[in-house]
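To start, the structure under review is shown below, and the notes come after it.
The values are calculated or read from the model by the stated rules, or taken from the named source; none is laboratory data. These figures come from a predicted structure and were not determined experimentally. Please note: Cβ atoms are built from the backbone with ideal geometry, for glycine as well, and neighbour counts cover all protein chains shown.
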Amino acid sequence: MNEWRSSKRSHEGGLKVIKGNLYARIQWIDEVTGKRKEKLRRAASRTDARKIIKEMVAELENHGEQTLQSDKLTFADLAADYQSKKLVEATFANGIKVSGKRSLMPSRSALKPLVEYFGRMLVRAIKTSDVEAYKTRRLKTPVETKTRKGVETRPRKISSVNRELEHLRAIFNFAKDDGLIIKSPFDARNNSLIVKTAEKNRDRVLSREEETRLIEACGGRTVSYERGGKQITMHDSGESRKYLKGLIVVAVDTGARRGELFKLQWKDVDLFEGTILIQASNSKTEKTRIIGLTSRAKNELLDLWETSVKDKDTLVFGITSTIKNAWKKLCEIAMIDDLNFHDLRHTATTRMINAGVPHTEVMKITGHTQIITFLRYLNLSNESLVRSANMLDAYLTNQTVKLQGNQVFDSVN
């Protein structure tokens, strides 16, 4: 076996044969422990081995031991390490998140298909083309939802796949920061792995007529139907949905996010001033903000307070899990199609703009920090479009009058 010494005395390189297989080997002294370590990589020939030795030495000197030793790291192992260190409950200091995540479910859901696809692959072997193949496969895989009637399928949205790819990018960035890899497949120049412009932005806005039906559906109703030749009448008291009325009114009049409303406590409500305080720990942007209440939102909260246990530390709307089933049932009763709870925030934003509130103020109310994101929530009504046209018409008329006046003045002189 021939040995050679690299330019740095702490690194030694050479060839090694194990069970008839040729390996490139480098040895070095660990600066912390003072112990000698070595790294072996399979080589096709002696020339190839010397090339690999130079590459390993350069990797060790430029990126450190951890990068050198991680060549056998699988994506499943990396994902497990990422989950244990990054996907943990949020820690707050003075109401500000300093580590962890407020909501772990979206990240964990996105992690599952990534591990299923990339799990056995070596992290350092994953290329941009592999991520593109994953993207194509996911877009062709329909979403399956279990219902009482069976399993329903629908096409997977590009926005959903983009969220998964954003989590994948975060995992690779985590590996880079920890010195486990040198580059990420997302580092490729001009890669088109995540294309936000391809996403179809949802623009559903609740009409006033739909809003009336939705609120009315929160109360009781009488249902009559025929069974076995007999007319049957049943009364639904709406007891299980009555808490939704206040939630809907406050949501559509404040533009607050669903999670912000779910976590709202009575100590954050000022019925005298007519405001609610969104704590930084409950906000997506991690910033505290105050939102003014309309008269009807204030009245709804006042009614809820009067029927509550009057404990300032309790939740205003008493929601501890989800309203998915209740919301679906409510929309069925109100005969409203294709309405998500998040559309109420969209509706509130659009209404504020149409009411003439400056967009900078609306952004502070809704908690938007990026104008691009804010504009996605903005829908112009026919009324506002006509108003804009009338304003332009008035401007053009005024300019024409000025022009004609100047021509008359010039002719006189």
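Against the definition (free of Cβ contacts under 8 Å to residues at least 40 places away in the same chain, surrounded by fewer than 16 Cβ atoms within 10 Å (Cβ to Cβ), closer than 30 Å to Leu22 by Cα and among the charged types (D, E, K, R)), how does Arg108 come out, yes or no? In short, no. The number of residues in region 196-206 being of a type in the set (Asp, Glu) and either modelled with pLDDT of 90 or more or under 14 Å from Leu339 (Cα atoms) (or both) comes to 1. Identify, please: which residue in region 354-378 is at pLDDT 80 or above and in contact with a Phe, Trp or Tyr (Cβ under 9 Å, 6 or more places away or on another chain) and is, among those, nearest to Gln279 (Cα to Cα)? Among residues in region 354-378 that are at pLDDT 80 or above and in contact with a Phe, Trp or Tyr (Cβ under 9 Å, 6 or more places away or on another chain), the one nearest to Gln279 (Cα to Cα) is Thr366.
Scanning region 157-206 for residues that are exposed (fewer than 15 other Cβ atoms within 10 Å of the Cβ), among the acidic types (Asp, Glu) and in contact with a Lys or Arg (Cβ under 9 Å, 6 or more places away or on another chain) turns up Asp187, Asp203.
Looking at Arg124, Arg120, Arg102, Arg154, just one residue is surrounded by 15 or more Cβ atoms within 10 Å (Cβ to Cβ), in the same structural domain as Ile181 (by TED's automatic domain parsing), basic (Lys, Arg) and out of contact with any Leu (no Cβ under 8 Å at 6 or more places or on another chain), and that residue is Arg102.
Of the helices (runs of 4 or more DSSP H) lying entirely inside region 1-112, the ones with 2 or more residues being at negative phi, at pLDDT 80 or above and of a type in the set (Ser, Thr, Tyr) are found at 75-86.
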